[in-house]
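What follows draws every value from the coordinates through simple rules; no lab data is involved. This one's a predicted model, so the numbers in the text were calculated from it and none came from an experiment. Note: ideal-geometry Cβ built from the backbone for every residue, glycine included; neighbour counts use all protein chains shown.
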Amino acid sequence: MRPRDALLLLALLAPVCVSTARAGETLTVGPGGDLARALEAARDGDTIVVEGGVHAPVVVTRRVALEGRGWPVIDGRGKGTVVKLAAEGASLRGFVVRGSGSSLDDENSGVTVAAPGVRVEGNRIEEALFGISLAHARGSVVADNVITGKVLDVARRGDAVRVWYSDHVRIERNRVARGRDVVLWYSAHLTVADNEVTDGRYGLHFMYTDDADIQRNRLVGNSVGVYLMYSRRLRMSHNAVVGNRGPSGFGLGLKDMDECAVTDNVFADNRVGAYVDNSPREAQSFLVFRGNLFAGNDTGVALLPSVRRNTYTRNAFVDNGEHVGVLGGGTLGDNAWSEGGQGNFWSDYAGYDRDGDGVGDVPYRSERLFEHLAQRHPELKLFVYTPAANAVELAARAVPLVRPQPKLLDEAPLVAPVVPVGVPPGAATAGAPLVLSSAGLVALAALVLGVPGVLLRGRVRRRAAGTPVAVTPDVVNLEAVTKRFGQAVALDGLTLTVRQGEALAFWGANGAGKTTALRCLLGVIPFQGRVTLAGHDVRRAGKAARRLVGFVPQELTFHDDLTVRESLAFYARLKRVPAGDDGLLARLGLAEHAHKAVRELSGGLKQRLAVALALLGDPPLLVLDEPTANLDAPARASLVALLAELKAAGKTLVFTSHRLEEVLALADRVVLLEGGRLAADVPPRDLGERLRAHATLHLLLPPLAVERAEAVLVDGGFAPVRTGAGLSVEVDPAEKGRPIALLVNAGVPLADFEVARTGAAAGRS
C-alpha cells in the first residue's frame, strides 16, 4: 500500500470522510475525528471541514482551507502556539482557537501565520497570549475575528494582532479586547479598517510602516488609541478614538511622522486628543489635520514647541479643557491654523460673522491666562474647573495688560462646527470612563460645590445657611436626553426616572452610552433634552443640582502628599461644608489610616477615600462610574458591602458596572443601553436571565494549584479549560459561586476571579 493510501485509510478510520472527487477534495472531520491525520492526508487545494469537537493544536504545511462548522475548538490547553499556518494560501475559518501558552519569549500565540497569502477569517481567538501573529506573510488577510487575550496585567500580555515584515496585509472588521497592542511594524501598504480595539495599551501601534490606510476603526478605552511612529504617508480617516486615558492617554500620538494626513476622525474624552512630537521630521514634509472633531478631551491637541509645518483646518474643537497645549514651555511657530480662507471651529470663540459666510470676522486667539500660568506652574492644574480658574480668566478679560501672548492665531475661525461623517456608529459614546485629569478631585468638588442639602428617607435637613432643600420623590429625571458628536449618536432619547432610595445600574456593551448618560446627568457636557435632580435643572440651576450629588469616578487622582485627614479637610473647604470629626472616616474604615499620606494607601482604601469625599455634606445622591473596576476581589467585596450600607441608610445610587454580582447585590433596577438607546429597564434577576448563556468564569490560580483545581472542578461536574493564568469554566451566572465554593472547600488557593460575557448585553465601558 502506498503511504498516501495508508494515510487516507487511517483518516477514514479516525473517522474522517473523504469525497471521491480528486480536484480540490473535501475531507470531513467529525466531532470525534482526528484533525491532524486529516491534515496529513490532504493535498494542496483540498478543503477540510471540521464539524464540532475539541481538537489538539495543529501545524498546517499544505495549501488547504480549514472550515469549521458548529464552532469546533482547537485547544492548546495552556501550552505553546495553538495553530500555525505555514503554507502559502492556506486559510482558517469558523474555529474557536483557545488556550495558548504564556511565554512572551516564545511568543505563544492563538494563530501564527508564517507564509504569504494566508486568510484567517471569522474565528474566535480566546485566552491567547498573542492573538494572531503574522511574520513574512505578504498579502495575508485577518478579518472578522473576535480576539480576546488572557486575564493578565497589560505588561504581561502579548499583542492581540502582530504584523511583522508583511506588506499588503489587510486587517479588517476584527473585534479585539484585552491585548497589549495591535502591532504593525516593518510593513508597507497595509489596510486597517473597521476594527474595534478596547482594553489594551496601544490600540494600533505603527512603526516603520509606510503607505497605510487606517479607516473607520473604533479605538475605545485603551491607554493610547493610535501611535504612529517613524513612518511616511499614513492616512488616518473616519476613526472613532474615544476614552483612551492611560498614563499618557493619547487618542493619537505622532512621533517622527512624515506626509501624514489625519482627516474626519472623532477624538473624544481622551486625556490628549492628538499629541505631536517632531512630526514632520523632514524639511520638505508636512502633517495635516483636517475635518476632525476634538471634543471633551483634557487637551485637544498637544504639540511640542519644536513642531513645525503642521496645518489645522476645518477641525472642530468643542468643550476641551484646553483646546491646544504646548508641552514643555516655549512658543509655537510655522504652523498654519487656517487654509484657503477657512480655519477651525472653537467652542470658546466670542467673535461674530456679520456677512454670514460661516467665517468669523475677527480672529480667534488662544490666550487663556489660566492655561498660560498652568503651563509654567503645573501644580496650578489642581484648580482647573474651580472658581479660582474662572476668576483668573475674568481678571484677564477685565485687565488686558495681564493677558499672555496667544498660543495660536486662527485668522479665519469657523462659526459652526464641521463634524465628521462616516465615523463608526456610537463613536463618541463614552465607552471610556468619565475621568478627572490632573485637576484631581477638585473637579469632583466642582460638581458638588456648595453646601448640599440632604434628602434622607423623606425628611428635609437644613443646610448650614438655613435654607431647606425641596424634597421630590424623583431624585433623578431624564427626559429625551440625546447627545450627538456630529452624526455619531451617543445617547438617543433616553428617558428614565430614579426615585428616592433606589439603586439604578446602567449596563451595556462598550460604547453603549453608559458613561455618557452619567456625564449628562452630572451636567458636565452639553446635551439635548432635560435632566433634573430633585427638581433642579442641571443646566439652568446647575449649582443647586450639584449640591445634591456625590460623584465617585473610575480613575482617581489625589494630591498624594496630603494625608487622608488633610484631604478630607481640603475638599470640605472647597465644598464649604464642615469636615466633621473622625466619624465619617470611621464609618468608611479609614480612621486608622487618617494619618497616612494618600500615596501610601492601597487601591481599595483610595476608593474608600473617594467615597468619603463624595459623602462630604451628606448628599442624597451618589453617582459612581465603575467603582470597583481597578480593585482586587477582597477590596471589591468590601466596597460593595459599604455601598449596600449606604443604600440601606437611604442614599440613592446611580452606577455603572460590568460585574453581574455587583448589580445583583446593589441594584433595584437595571437599565440596558444598546447604541445609546434604552433597550430594557428590568429587575436585576432579569438581567441574569438575559446573560445566563453568555458567562465564562475565569479563575486566577497559583501555577502549582491549577492541576488540583482542575480535578476538583471535574469532580464537581464542570469542564474547566486551562488558560495559562488558571482555569476558565462555562457557568450559569446565577451559580458562579458554586465552582468557587468547591475550590475553597477543597483548600485550593484562589487569587481572583472574573466573569466574562459576550452578546449585546455584555461588556463594560
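Some notes on this structure:
- The Cα atoms of region 39-172 cover 41, 35, 24 Å along the three principal axes, with the biggest extent listed first.
- Region 473-504 residues near the modelled Arg677 label - backbone nitrogen below 12 Å, point 7 Å along Cα→Cβ: 492-494
- Base-10 log of normalised Debye intensity for region 89-240 (one unit scatterer per alpha-carbon) at q = 0.09, 0.17, 0.21 Å⁻¹: -0.22, -0.87, -1.39
- Taking Thr497, Thr209 and counting other C-beta atoms within 10 Å, the order from fewest to most: Thr497, Thr209
- For peptides 593-601, 353-361, sequence by mean Cβ density within 10 Å, most packed first: 593-601, 353-361
- Relative contact order computed over region 469-624 (Cα-Cα under 8 Å; 6+ residues apart), in percent: 22
- Near Arg98, once Lys and Arg are set to +1 and Asp and Glu to -1 for all other residues with Cβ below 13 Å from its Cβ, the sum equals +1.
- Using alpha carbons only, the radius of gyration of region 161-240 set against its Kirkwood radius gives Rg/Rh = 0.92.
- The Rg/Rh ratio for region 499-631 is 0.98, where Rg is the radius of gyration of the alpha carbons and Rh is the Kirkwood radius.
- Coordinate range along principal axes, alpha carbons of region 80-135, Å, largest first: 28, 22, 11
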